[in-house]
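Just so it is clear, none of the values below were taken in a lab; they were calculated from the coordinates. Quick caveat, the model's predicted, so the values are computed rather than measured. Here the Cβ positions follow ideal geometry from the backbone for every residue, glycine too, while neighbour counts run over all protein chains shown.
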Amino acid sequence: METIGIGLIGYGFMGKAHSNAYRQVSAFFPDTPALRMASIAGRNREAVTEAARTFGWEQAYTDYHALLADPTIDVIDISTPGHMHYHQVMESFAAGKHVFCEKPLANSLEEASRMVRAWRASGKIGMINFNYRKVPAVVLAKQIIESGRIGEIRSFRGHYLQDWLRDEHAPMSWRLQKEFAGTGALGDIGAHITDLAHMLVGPITSVTGMLRTAVSQRPIARDSAAMGDVTVDDWTGFLATFENGATGVFEASRIATGRRNHNAFEINGSKGSIAFDLENMNKLEVYFDDDAPDVRGFRTVLVTESVHPYVSRWWPAGHIVGWEHTHVHQVHDLLVGIAEGTNPSPTFADGYRCQAVLDAVERSAISGRWETPMGLPS
Ligand SMILES: NC(=O)c1ccc[n+]([C@@H]2O[C@H](COP(=O)([O-])OP(=O)(O)OC[C@H]3O[C@@H](n4cnc5c(N)ncnc54)[C@H](O)[C@@H]3O)[C@@H](O)[C@H]2O)c1
């Protein structure tokens with residue numbers, strides 16, 4: 001099999017996480033096709049050169065177009081802020097590359113629509129980094145649901161809570177400006193729980209929601225006296241209905257004091273329930289109605305057995321995995337998908353479906369009514 005050349009755009013938080021995943025994946029997943037960490041692109045010469053050295057990339061460029069022009073690069077990994085996704089995705093498909101794009105797919109549904117059409121027309125792989133789909137306990141939850149063990153799914157409660165914006169002195173960043181981020185807590189972390197709900201329960205068919213900005217002005221830089229306007233939400237909540245008749249309650253917050261990265265859900269079925277919390281990500285809580293009555297109750301499964309998804313490639317039972325492993329699993333699935341010519345999930349269609357829910361929540365926050373997420377473009 002030929003070596004798959006990777007080009008990464010962005011060397012921030014996600015650039016670092018993805019680089020680590022490319023470095024680790026072959027050592028733990030022997031079925032991974034051969035890969036080459038060819039080039040990384042960023043805007044600052046000194047910083048991108050240092051990132052290439054520390055993260056393990058062969059070349060560094062200050063213009064990502066150099067990656068698109070390189071015939072040895074097969075995949076463009078887009079780890080930039082939301083406002084860059086549209087142009088970088090469209091140009092990558094036009095250059096004949098596969099695309100691995102960070103979430104949310106776009107800053108608007110209109111952009112996402114065009115991106116999905118370009119992906120389909122290209123015949124290339126288009127994957128979006130909803131990495132929480134790749135947590136072993138989350139995949140186990142999916143398997144339990146599909147096996148019918150918790151019966152018919154009736155309700156989903158999901159919340160993704162962080163608190164890095166609780167301090168009104170926390171400075172501005174691209175994440176707080178609509179032109180760069182699209183939305184705030186909604187698209188940043190609400191996107192993750194929306195995608196998990198889609199994966200585990202099925203399509204969301206209607207929503208009614210609220211967006212709130214608790215701190216509307218912030219210092220433009222740390223300790224600066226100059227203030228800038230926050231133009232996105234820092235809290236959102238919405239109710240949802242699912243195609244299968246289930247109901248959903250969602251909350252995403254970056255002002256939930258004390259909650260650092262509390263990405264959690266509970267799913268109630270007619271015969272059982274499942275609960276997950278990312279801050280305790282090696283465990284899954286399950287309840288089965290058909291347990292013997294004298295021991296019936298929620299039990300906690302340590303998801304580190306070799307029978308559990310992805311786990312056999314890591315460590316012996318009880319030797320836990322962490323957040324970075326989700327990215328390793330994601331790039332493993334990406335590279336295998338490229339080699340086999342089958343688009344791994346989550347695809348650009350999944351990215352669009354999530355974007356359509358974000359769009360409907362935004363519309364509902366304005367209209368005060370229930371709104372329907374738009375279907376995939378034809
Ligand atoms: N899947 C996850 O768990 C997760 C977590 C955090 C962020 N994200 C997503 O990842 C993306 C990036 O977020 P981040 O946290 O890494 O941001 P970041 O600010 O840490 O890094 C962004 C990077 O993009 C670069 N960049 C910005 N504009 C550019 C341009 N015009 N050309 C080239 N490079 C440019 C910046 O220099 C920086 O290296 C966003 O879409 C975000 O929503 C995903």
When the helices in the chain are scored as -39500 (n - 2.57) per DSSP H run of 4 or longer and the sum is shared across all residues, what 222 nm value do you end up with, to the nearest 500 deg cm²/dmol?
-> -10000 deg cm²/dmol
Taking neighbour counts of Cβ atoms within 10 Å as a proxy for exposure, in what order, fewest first, do 101, 354 appear?
-> 101, 354
Once phi for every residue in segment 106-122 is put through the Karplus expression 6.51 cos²θ - 1.76 cosθ + 1.60 (θ = phi - 60°), the whole-Hz ³J(HN,Hα) values, with Gly and Pro written as x, are 9, 9, 8, 5, 4, 4, 4, 4, 5, 5, 5, 5, 5, 4, 4, 5, 6
Proximal lysine pairs in the chain, meaning Cα under 16 Å and 8 or more positions apart or interchain, come to 8
Amide H within-cut-off set for residue 205, under 5 Å, with H built and near neighbours excluded | 241, 242, 243
When all Cα-Cα pair distances of the chain are considered, the percent exceeding 30 Å is 40
Checking rank on 246-253, 144-151, 91-98, with mean other Cβ inside 10 Å and highest first, the result is 246-253, 91-98, 144-151
Starting with the fewest neighbours, write out 43, 175 ranked by other beta-carbon atoms found within 10 Å of each beta-carbon.
-> 43, 175
Using alpha-carbon positions, the gyration tensor of segment 65-204 gives root eigenvalues a ≥ b ≥ c; with a/c under 1.5 called rounded, otherwise prolate if a/b exceeds b/c, else oblate, the class is oblate
Would you please give the residues with an amide H less than 5 Å from that of residue 36, counting only those at least 5 places away or on a separate chain, with H modeled from the backbone geometry?
-> 4, 5, 6
Could you list 314, 164 in order of exposure, starting from the residue whose Cβ has the fewest other Cβ atoms within 10 Å?
-> 164, 314
